[in-house]
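Take a look at the structure set out below.
The values are calculated or read from the model by the stated rules, or taken from the named source; none is laboratory data. Keep in mind that what you see is a predicted model, and the values were worked out from it rather than measured. Cβ placement follows ideal geometry from the backbone for every residue including glycine, while neighbour counts extend to all protein chains displayed. SASA here: full protein model, heavy atoms, side chains in, ligands and nucleic acids out. Shrake-Rupley method; radii C 1.70, N 1.55, O 1.52, S 1.80 Å.
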Amino acid sequence: MTHPSTLARPALTEHGDRAHPSPRAARSLPNATVTALGLFAAARLTGILVLAATAWATGKHPLVLLARSWDSIWYLHIAAHGYGRTMYFQPTVVHSDLAFFPLYPALVRTATALTPLNAGTAGLLVSWLAAAAAACGVYAIGARLHGRAVGTTLVLLWGLLPHSVVLSMAYTEPVLTAFAAWSLYALLGERWLWAGSLAALAGLSRPNGFAVAAAVLAAAAQEAWRRRGRKVPHRLWTGAALAPLGWGGYVLWVGHRKGDPLGGYFEVQRLWGSRFDFGVGSLRFIKHLLLHGDRFVFPVTLLIVTAAVLLYALLIADRTPLPLLVYSGVLLLIALGGSGFFESKPRFLLPAFPLLLPLTRALVRTARARPWHATLVVGALAGLSFAYGAYLVVITHTPL
């Protein structure tokens, strides 16, 4: 297993598929980041244009779909009115806005207070800025580990995932990924205070944001073990202590509000139909899917989740640094082990960008040997991403 401390110096120039430092490469970093961000923006802008054309053809408004679909409505209501909304469907199905973490609504509320934008437009602005910050962080990690070509390609592939349309919507995945990517980047450089602080913010953004804290804690434990018998810097302990505060603080706050400090939040989730049952619910749904079939979105979900499991196996075999393995593994575990909203699992995996590293490295090698083959692969992924994204948001009535 590659230790984080072995990655403390930036890997910026390439030799084969690995990277080595160079002063000239260090000076070119801003340009390389801009290139990666530009490719990501072009991919997402094209996806928005395809979605807009599909929406207009069906008599719908694209910005309304992007800003006010499914969970977006809950987040924007919290931003405008605070917590307190509950919808009762039956005794065992109660939807409370306490299931939604507070950072994104707070950012939207701040944006509406500082600008003349309405809540929906402010939500899109926050998500798009967060997606840009996330893309820069994803690039930084890919470039540090394997060079600029891998970093740039990693950002492009992340922007062309089948569910990457979510990165253009008023959803929380861009916010989580932004804080997660830069927290992981800080971990690779052993900047413990930055890593812990960003992990705390990631934990305030989404329920699965705890994956970032888990990565910080695992890296801190590994470093403490490596230093056994020697002094461990206080920054390590402080960063590790900060990491779970965001997620844990909100869970305890909801528990206090519900009269059950440790179980209140999980009861809220259970009434939404979401709970961790080690995959039993998912397996039952897969059995139903295989025997009886269902809407197109469900077999695609099964295919994406299966691909994620295979990519994680490749990530382990690739001797990926421990923080990235733990982060991706926890996200994958939550997606696999959670019941309810089977169709949402690809969205839950969207922040797990390290899963794309093995595929990215293979694509970079292909591009060097057979450029046209790599171009065809990227083109096919782009076509799938744009068409499927428009289908998810405009055509299907299945929750994202």
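Search the stretch 99-132 for residues being of a type in the set (Ser, Thr, Tyr) and under 27 Å from Ser274 (Cα atoms), and hand back the single one that is surrounded by the most Cβ atoms within 10 Å (Cβ to Cβ). Break it down into steps so the answer makes sense when it comes.
Step one: of the stretch 99-132, the residues of a type in the set (Ser, Thr, Tyr) are 104, 110, 112, 115, 121, 127.
Those still in the list that are under 27 Å from Ser274 (Cα atoms) too: 104, 127.
Working: Tyr104: 29, Ser127: 27.
Result: Tyr104.
Filter the stretch 136-156 for residues that are open to solvent by 10 Å² or more (accessible area, probe 1.4 Å) and out of contact with any strand residue (DSSP E or B) (no Cβ under 9 Å at 6 or more places or on another chain); which is nearest to Ala387 (Cα to Cα)?
Checked the stretch 136-156; the qualifying residue nearest to Ala387 (Cα to Cα) is Leu156.
What number of residues within the stretch 239-271 are assigned to a loop (DSSP other than H, G, I, E, B), among the hydrophobic types (A, V, I, L, M, F, W, C) and surrounded by 17 or more Cβ atoms within 10 Å (Cβ to Cβ)? Write out each step before concluding.
Within the stretch 239-271, the first condition is being assigned to a loop (DSSP other than H, G, I, E, B), and the residues that meet it are 243-244, 259-263.
Narrowing further to those that are among the hydrophobic types (A, V, I, L, M, F, W, C): 243, 262.
Retained after the next criterion (residues that are surrounded by 17 or more Cβ atoms within 10 Å (Cβ to Cβ)): 243.
Qualifying residue count for the region: 1.
Residues being at positive phi and free of Cβ contacts under 8 Å to residues at least 24 places away in the same chain: count how many of those fall in the stretch 273-293.
1
If you take the residues in the stretch 327-352 that are of a type outside the set (D, E, K, R) and more than 22 Å from Ala215 (Cβ to Cβ), which one is most open to solvent (accessible area, probe 1.4 Å)?
Filtering the stretch 327-352 for residues of a type outside the set (D, E, K, R) gives 327-342, 344, 346, 348-352.
In the following step, the residues that additionally are more than 22 Å from Ala215 (Cβ to Cβ) were identified as 339-342, 344.
Details: Ser339: 11, Gly340: 36, Phe341: 68, Phe342: 18, Ser344: 3 Å².
Once the filter is applied, the top-ranked residue is Phe341.
Hey, any hits in the stretch 325-337 for a residue that's over 28 Å from Phe100 (Cβ atoms) and either hydrophobic (A, V, I, L, M, F, W, C) or more than 19 Å from the chain's Cα centre (by Cα) (or both)? So that I can check it myself, show each step before the final result.
Taking the stretch 325-337 and keeping what is over 28 Å from Phe100 (Cβ atoms), we get 325.
Then drop every residue that is not either hydrophobic (A, V, I, L, M, F, W, C) or more than 19 Å from the chain's Cα centre (by Cα) (or both), which leaves 325.
For the stretch 325-337, residues over 28 Å from Phe100 (Cβ atoms) and either hydrophobic (A, V, I, L, M, F, W, C) or more than 19 Å from the chain's Cα centre (by Cα) (or both): present.
Looking only at the stretch 64-86, which residues are of a type in the set (Ser, Thr, Tyr), outside any loop (DSSP other than H, G, I, E, B), within 19 Å of the chain's Cα centre (by Cα) and farther than 14 Å from Leu103 by Cα?
Pass one, the stretch 64-86, residues of a type in the set (Ser, Thr, Tyr): 69, 72, 75, 83, 86.
Applying the additional criterion that residues be outside any loop (DSSP other than H, G, I, E, B) yields 72, 75, 86.
When the remaining residues are screened for being within 19 Å of the chain's Cα centre (by Cα), the result is 72, 75.
Of everything in the stretch 64-86, nothing turns out to be of a type in the set (Ser, Thr, Tyr), outside any loop (DSSP other than H, G, I, E, B), within 19 Å of the chain's Cα centre (by Cα) and farther than 14 Å from Leu103 by Cα.
Take the conditions under 26 Å from the mean Cα position of the chain (by Cα), at pLDDT below 95 and part of a loop (DSSP other than H, G, I, E, B) and apply them to Thr2. Does it pass?
Numbers: under 26 Å from the mean Cα position of the chain (by Cα): yes; at pLDDT below 95: yes; part of a loop (DSSP other than H, G, I, E, B): yes.
Criteria met by Thr2.
Just name the residue that is surrounded by the most Cβ atoms within 10 Å (Cβ to Cβ) out of those in the stretch 274-307 that are not hydrophobic (A, V, I, L, M, F, W, C) and not in a helix (DSSP H, G or I).
Here is the first cut: in the stretch 274-307, the residues not hydrophobic (A, V, I, L, M, F, W, C) are 274-275, 277, 279, 281-282, 284, 287-288, 292-295, 299, 301, 306.
Pick out the ones that are also not in a helix (DSSP H, G or I) and you get 274-275, 277, 279, 293-295.
Values: Ser274: 18, Arg275: 16, Asp277: 14, Gly279: 15, Gly293: 10, Asp294: 16, Arg295: 13.
Applying the filter and picking the extreme gives Ser274.
Out of Leu37, Leu66, Leu45, which single residue is at pLDDT 95 or above, closer than 18 Å to Leu129 by Cα and open to solvent by 70 Å² or more (accessible area, probe 1.4 Å)? Working first, answer last.
Details: Leu37 fails: open to solvent by 70 Å² or more (accessible area, probe 1.4 Å); Leu66 fails: open to solvent by 70 Å² or more (accessible area, probe 1.4 Å).
Exactly one of Leu37, Leu66, Leu45 is at pLDDT 95 or above, closer than 18 Å to Leu129 by Cα and open to solvent by 70 Å² or more (accessible area, probe 1.4 Å), namely Leu45.
Find all pairs meeting these conditions: Cβ atoms under 6 angstrom apart; at least six residues apart or on different chains; first residue within the stretch 382-400 and in contact (Cβ under 8 Å) with a residue 12 or more places away in the chain; second residue open to solvent by less than 30 Å² (accessible area, probe 1.4 Å) and among the acidic types (Asp, Glu).
Short answer, once both residue conditions are applied: Thr398/Glu343.
Looking only at the stretch 353-379, which residues are open to solvent by 20 Å² or more (accessible area, probe 1.4 Å), assigned to a helix (DSSP H, G or I) and over 16 Å from Trp158 (Cβ atoms)?
Hits for the stretch 353-379 are Arg365, Thr366, Ala367, Arg368, Ala369, Pro371, Trp372, His373, Thr375, Leu376, Gly379.
Of the residues that make up the stretch 308-315, is at least one farther than 29 Å from Phe179 by Cβ and either open to solvent by 40 Å² or more (accessible area, probe 1.4 Å) or touching a residue at least 40 places away in the same chain (Cβ under 8 Å) (or both)?
Applying the first criterion (farther than 29 Å from Phe179 by Cβ) to the stretch 308-315 yields none.
No, the stretch 308-315 has no match at all.
Does any residue in the stretch 121-150 that is closer than 11 Å to Ala170 by Cα come within less than 8 Å, Cβ to Cβ, of a residue that is among the aliphatic types (A, V, I, L, M) and not in a helix (DSSP H, G or I) six or more places away or on a different chain, and which pairs are these?
Gly123/Ala170; Leu124/Met169; Leu124/Ala170; Leu125/Leu117; Val126/Ala170; Ser127/Met169; Ser127/Ala170
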